[in-house]
Amino acid sequence: MRTRATLLILFAAALGAPLGGVIIDRVAVSVGTSVITVSQIDLAIRVTAFLNGEPPDFSPASRRQTAGRLLDQLLVRNELQLARYPSSPEDVAARLFERFRRDRFAGNDANYRAALARAGLTETEIKAQFLWQITFLRFVDARFRPGVQISDQEIQNYFDHTVVPAQEKAHPGQKISIDDYRDRIERVLIQQRVDQQLDGWLKEARSRAEVRFHEEAFR
């Protein structure tokens, strides 16, 4: 999740201690006229840890890695607005959230609420993450997947150099047919190609944006 702010935040942060009890949120990354704040990074760390069932890691390395993910999210959100991609249906995200809560907490609402309180999170913040995941996946599918084509030779190469050696190691002497693996291999290769295109797009988008990491926020 991101908020837009003015560079007045930078000025206020430079003043030192907040005046009148106002909490100053430090800027961690500037992206043109948008910013990613320290509190947004901390929230993302806590949400990710909660979803993974792990303790949050607020180390400088973790903060920087999380800031990089939030930067990529900001670039994608900007693209969604510019290209007017349709919004993701909230009911899909709601179903994913309910399945997570059921599987992780066995349907025990008291345990779920207690875990939220310990993590310092709200249900709204967790639901927002599921909605973003759906939005991101739909963007990737719409933006990169349609143009991906996998040839028969690529499938054969993957079968010969990846599937066959793995199967021979696991089940020596067992004969296998490429026809039994064709669909799975094609899905793997398509996903690899999509990931490559996404990485290239993000790298180009970063190079076009005015990105500045404020090192003092990661110490």
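Assorted remarks:
- Given (1) small (Gly, Ala, Ser); (2) on the phi > 0 side of the Ramachandran plot; (3) exposed (fewer than 12 other Cβ atoms within 10 Å of the Cβ), index of the condition Gly120 fails: (3)
- Just one residue in the set Val140, Val164, Val148 is surrounded by 14 or more Cβ atoms within 10 Å (Cβ to Cβ), among the hydrophobic types (A, V, I, L, M, F, W, C) and free of Cβ contacts under 8 Å to residues at least 40 places away in the same chain; that residue is Val164.
- Which listed residue is surrounded by 15 or more Cβ atoms within 10 Å (Cβ to Cβ) and farther than 30 Å from Arg208 by Cβ, from Leu74, Leu70, Leu96, Leu131: Leu96
- Any hit, the range 128-145, residues being hydrophobic (A, V, I, L, M, F, W, C) and over 23 Å from Gln73 (Cβ atoms): no
- Enumeration of residues in the range 42-81 that are out of contact with any strand residue (DSSP E or B) (no Cβ under 8 Å at 6 or more places or on another chain), among the small types (Gly, Ala, Ser), more than 23 Å from Tyr112 (Cβ to Cβ) and in contact (Cβ under 8 Å) with a residue 12 or more places away in the chain: Ser62
- Any hit, the range 113-135, residues being of a type in the set (D, E, K, R) and at pLDDT below 95: no
- Residues located in the range 29-56, provided they are out of contact with any Ser or Thr (no Cβ under 6 Å at 6 or more places or on another chain) and closer than 16 Å to Ala217 by Cβ: Val29, Ser30, Val31, Ser34, Val35, Ile36, Thr37, Val38, Ser39, Gln40, Asp42, Leu43
- Residue satisfying condition, being at pLDDT 95 or above, in a loop (DSSP other than H, G, I, E, B) and closer than 24 Å to Arg26 by Cα, within set Asp72, Asp42, Asp57: Asp57
- Of the helices (runs of 4 or more DSSP H) contained entirely in the range 146-219, those carrying at least 2 residues that are over 21 Å from the mean Cα position of the chain (by Cα), over 30 Å from Ala28 (Cβ atoms) and at pLDDT below 95 fall at 164-170.
- The selection criterion, being surrounded by fewer than 17 Cβ atoms within 10 Å (Cβ to Cβ) and among the β-branched types (Val, Ile, Thr), holds for Thr48.
- Qualifying residue in the range 160-180 (condition: among the charged types (D, E, K, R) and under 30 Å from Phe58 (Cβ atoms)): no
- Near pairs, Cβ below 8 angstrom, 6+ apart or cross-chain, from the range 204-219 (more than 16 Å from Val38 (Cα to Cα)) to any residue that is aliphatic (A, V, I, L, M): Ala205/Leu75; Arg206/Leu71; Arg206/Leu75; Ala209/Val31; Ala209/Leu75; Glu210/Val31
- Selection within the range 174-204 - within 18 Å of Asp141 (Cα to Cα) and small (Gly, Ala, Ser): Gly200
- Residue ID - farthest from Glu54 (Cα to Cα), chosen from residues in the range 87-137 that are touching a residue at least 60 places away in the same chain (Cβ under 8 Å), assigned to a helix (DSSP H, G or I) and within 21 Å of the chain's Cα centre (by Cα): Phe136
- The number of residues in the range 145-200 that are touching a helix residue (DSSP H, G or I) at 6+ places or on another chain (Cβ under 8 Å) and charged (D, E, K, R) comes to 4.
The values are calculated or read from the model by the stated rules, or taken from the named source; none is laboratory data. Small disclaimer: the values here were computed from a predicted structure and weren't measured. Cβ sites come from the backbone with ideal geometry, for glycine too, and all protein chains shown count toward neighbours.
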